[in-house]
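Heads up: the structure comes next, in structure tokens.
The values are calculated or read from the model by the stated rules, or taken from the named source; none is laboratory data. These figures come from a predicted structure and were not determined experimentally. Note: ideal-geometry Cβ built from the backbone for every residue, glycine included; neighbour counts use all protein chains shown. Note: areas computed on protein heavy atoms with side chains; ligands, DNA, RNA excluded. Shrake-Rupley method; radii C 1.70, N 1.55, O 1.52, S 1.80 Å.
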Amino acid sequence: YCFEPKFLHGAVRNSASSLVVLFLSGYRGFDFGRHFEPILPRFERLRVVDLSFCEGVSDGTLVGIGSNLGSTLEVLYLKGLAEVTDEGVKAVAEGCRNLAVLEMSHVKMTDASAFAIGANLKRLQALYFKDNYLLTDTGVAAIAEGCSKISQLTLWGCIELTKASFASLSNITSLNLWGCHFLCDDHLDTGALGALRTLIVAECHKLGDRFVASLVEDVPNLQHLNLRYLRRITDDSLYAIARKAKNLFSLDLSFCAKLSAEAVGSLLLSLPCLSELHLFGCTQLQPEGVSQFWTIPLTSESSCLSVLDLRSCLAAGSVAFLTSQVSRPFNELLPNFFTRDARWGEGSQHRRLFDKVLSAPLDGSTLMSVASLGKIRSGSFGSYGQFTWGNAATEPRIKTTAKTPPRGDGRDTEINNND
């Protein structure tokens, strides 16, 4: 149900001076030029604004936001605004220098906007781009160099990106490069990403074993890794992950067609903390190999695996031992999608950290610690490959004065059988 435009206009106008958070995402029928822009000077306390997918938001609206909300605004979502250009983005960047969270997905901006963001938004901690296909290496480098406090960065579908270095982002914990098709092993530098906990490089088709080996060497504390559709990786990548990525909680290897059941078994045996494994579409796996090499690690008392996705891999019923012959049987929620209650292995450093967090007061730093544990549930990568907030609450939170976590990209945490 949507409010009549005149009702919404009256509500916003009459409460403007006291509003702290304003979400109008997807609202249609509101004349922003006539009813919103003129009252922008009255928003004295506004810290969080979401105008995503709102019809009628133009460069003029963003110029007004930059001119009037710069002293208070900390979180701004401007996703899917068809009428916005570089002019509007530059106005926001130059006027709202206290921004900690910015989403500009599906906006037709160029490197000129990226230069303005890098030059002005020095306090930015989370930046989300999806399908901003006009951005190039130069623009992304300007953001990385100028916004050194960023801890969450999404560059999904920035298809002009051919090389990426994030040496200036020493605090980055979450990096999403889904669909950056032209990144290759030699042009994605992971040497400065020691603080990284979440990496998504799904559909970066040119990445292979050398990238994975370098990654796990440089980022030993990685917790969530999405390698979906990296068809070049082989068993060598799995053995490297098994040797080095001992803190890994979730791993997506869907549609990686060169992996063997034996290498996956070795991975399961070496990573008792692994809680979520996706092998959707790995049709090369055979029931005999799965039974031979996976039974021991899955029956181990130290195994924490609670989600196992084998959809479109094996014939239905071919891995029945998972639901009947292991000490902690799985439930088959969908054909070949298995879950069981989550657990922690005895002696796990994460178990100790979890206990410590539970006994601590729930302040901002504790919430960050809880998030860093990477609480696993089905579909934790979400429909956009970002960890979601709200029900799943697995995404590290950005601490702002408004105490509002970034929404990030993904909201869908349900199991999608069509994927």
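For the stretch 320-332, 3J(HN,Hα) computed residue by residue from phi via the Karplus equation (6.51, -1.76, 1.60; θ = phi - 60°) reads 4, 4, 5, 9, 9, 9, 9, 5, 10, x, 8, 9, 9 Hz, glycine and proline entered as x. What the phi angles of the stretch 267-282 give under the Karplus curve with 6.51, -1.76 and 1.60, with θ = phi - 60°, is a coupling list of 4, 4, 6, 8, 10, x, 7, 4, 10, 9, 10, 10, 10, 4, x, 7 Hz, glycine and proline written as x. Remark on Ala164: its backbone amide H falls under 5 Å from those of Leu188, Asp189, a criterion applied only to residues 5 or more positions apart or on other chains, H modelled at 1.01 Å from N.
Measuring nothing but protein heavy atoms, the accessible surface of the stretch 126-234 at 1.4 Å probe radius is 50 percent carbon and sulfur. Measuring against 31 Å, Cα to Cα, the residue pairs Lys90/Lys244; Lys163/Lys244; Lys108/Lys246 contain Lys90/Lys244; Lys108/Lys246 as the ones spanning a longer distance.
Amide H contacts of Leu22 (H built 1.01 Å from N, in plane; Pro and chain starts excluded): Val48, Val49, Asp50 sit under 5 Å, all sequence-distant by 5 or more or on other chains. Per residue, the convex hull spanned by the alpha carbons of the stretch 64-191 comes to 83 Å³. For Leu308, what charge total do you get from the other residues with a beta carbon under 11 Å from its beta carbon, if Lys and Arg give +1 and Asp and Glu give -1? Counting the neighbours of Leu308, the net charge comes to -1. Protein heavy-atom accessible surface, 1.4 Å probe, per residue over the stretch 1-124: 42 Å². Principal axis extents of the Cα atoms in the stretch 139-295, from largest to smallest and rounded to whole angstrom, are 53, 27, 21. Working note: Karplus 6.51/-1.76/1.60 with θ = phi - 60° gives the stretch 299-304 the couplings 9, 5, 5, 8, 5, 9 Hz, where Gly and Pro are set to x.
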